[in-house]
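The values are calculated or read from the model by the stated rules, or taken from the named source; none is laboratory data. Source: prediction; values computed, not measured. Glycine gets a Cβ as well: all are built from the backbone with ideal geometry, and neighbour counts include every protein chain shown.
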Amino acid sequence: MLAPSPALPASGEGVAAPPPFTGEVGRGAGFSVHLAHALPLLGTDEGATVWHGVLGSLGFAEPARAYRALSASLADAPPDERRAFEAILPALLTACARTPDPDRALTGLQRLADAFPSRAGLYLAFAESPEVLHRLAELAQSPALLNRLLAHLELLEMLFGEEIVARGAKSLQEHRDALAQRLERCRSASARLASLSAYMRREWLRIGARDLWSETTPLQTARDLAALARAVLPALWEQVAPAQTLWLVGFGSLGAGELGYQSDWDLAFACPDDADLPTLERHAQAFLAHCQRLTEQGVFPPVDTQLRPEGKAGALVRTVSGWRAYYAQAAAPWERLAAVRADVLNADADAPIVAVLNEYRFGDAPTPDERDEMRRLILRALTERVPSSALHTHLKLGYAGQNAIEFLTHWLVVQHATLDDHPPSTGTLTQLEWLWRRGILETADYDALREAWRMLYQVRNRLALLFDPAPEVLPDDSRLALLARSLNYDSPDALRRVLTEHQRAVEAITRRWW
């Protein structure tokens, strides 16, 4: 069943306008005259040649397909719907032409019209707010965002509210407060879970749309995604076992506060020494079952618990003393690298599990053998799952990917940090700055690694928004042109050149250390 027709804002209501709409489509004098001549021919066989030229001049790669789509919008349309569509057609084509991929924009807008309760009502809303049409054409560049919107049309109004153009990322406290207000209104456990799911869907769409529309920065996107996860996961635990203390330990990009659109959520569980372990184990399993269902529904990313002590073979829940004993007696050298990114999602800095993590990662410096073993394992992790042809160009792994920067950072931190002097947070960029301020990294290397990490994060995120599945190397087909335009580069070659410079710098720096 379709949701009630969402209210679209009138022109100027909380939406930053695109370049002014002049009433003409495309560039060049006289184009509007050609469109006026072509409009009566839309949907006819004799109009195909005329319209193919019109659409080709606007940048449509498949003008014949676009013409069929436009014609289908008029086929069997009631008179009021036909008049409304013809009235907004110049603005619609302008909006599509301004996007990186006009064909994709038109297809997405057509899917939105198919899903909307009233086509005529949607067209009239577009006529009143050309900037809304422009933004939706941009949103249609992302299958992930468009599909989320089409499945939940009630979120359409949110996309044009003040939250979209607000400065900066939402803070963790803002996410917590907004979620708590929603949950307080619910009268049953099932209603609370449904409300939590709705909030997660809403916020993921909001964050992705702000990113795609350049209303935010890559680092703000990372902070927003991390704050959302750090609000939602403890809230879900409170629904499962509100009276039980269980610390949610985030590893990987979740713990580091550097989540992207493709990131899993790596979790482990710790509890006080006097806790009822069998009971907490059951609650933790129930919590993970909820996570799995939400993952299957497309609400959560996959939740992985394999970075806990002893991995899949280890206990799901472990006491603080159990964590301390494992780290002291049985942990492998690489686990110290993982611990450098670990953070507790639902505890203050003075929680016992935080002290255990700090003792392990910032305690005694690793021995030379441990340091060399870490290095060997890092190189294996970076290269074993990557084809040899991509070792120098993979965006995540290989010798020059995002993980290479992160591994080098953590490897240096565990060698130089102490309990009295260590990085103030688990984020890669914060730790890089800490290494630089202590003279461990030279200024040129710090600058190069920081800027490369930012670019790799942004490129991987944008690829995840534009393509499914997202490529892990820079594509060399038409997708590269779309990616370059989406990131506001002048050409595919300009994007490739900048990215190649960053990756060469990363590889040169990591090779000096490893």
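A few points about this structure:
- Residue count for segment 207-219, restricted to those that are within 13 Å of E163 (Cβ to Cβ) and either among the hydroxyl-bearing types (S, T, Y) or surrounded by fewer than 21 Cβ atoms within 10 Å (Cβ to Cβ) (or both): 3
- Within segment 204-225, being under 15 Å from V299 (Cα atoms) and aliphatic (A, V, I, L, M) holds for L205, I207, L225.
- Residues (of a type in the set (G, A, S) and touching a residue at least 60 places away in the same chain (Cβ under 8 Å)) located in segment 340-391: A342, A347, A351, A390
One line per residue, one yes/no per condition, for (1) of a type outside the set (D, E, K, R); (2) within 19 Å of L391 (Cβ to Cβ); (3) in a helix (DSSP H, G or I):
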residue: A444; (1), (2), (3): yes, no, yes
residue: A484; (1), (2), (3): yes, no, yes
residue: V506; (1), (2), (3): yes, yes, yes
residue: R511; (1), (2), (3): no, yes, yes
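- Verdict on L480 being of a type outside the set (S, T, N, Q) and either surrounded by 20 or more Cβ atoms within 10 Å (Cβ to Cβ) or modelled with pLDDT under 95 (or both): no
- In segment 286-339, the residue that is nearest to E238 (Cα to Cα) out of those that are charged (D, E, K, R) and part of a helix (DSSP H, G or I) is R293.
- Residues in segment 345-370 that are aliphatic (A, V, I, L, M), within 14 Å of V320 (Cβ to Cβ) and surrounded by fewer than 21 Cβ atoms within 10 Å (Cβ to Cβ): A347, A351, V354, A355.
- Just so you know, in segment 403-422 the residues that are surrounded by fewer than 20 Cβ atoms within 10 Å (Cβ to Cβ) and of a type outside the set (D, E) include one that is farthest from V386 (Cα to Cα), and it is L419.
- Extreme residue, farthest from P302 (Cα to Cα), among residues of segment 226-254 that are β-branched (V, I, T) and touching a strand residue (DSSP E or B) at 6+ places or on another chain (Cβ under 7 Å): T245
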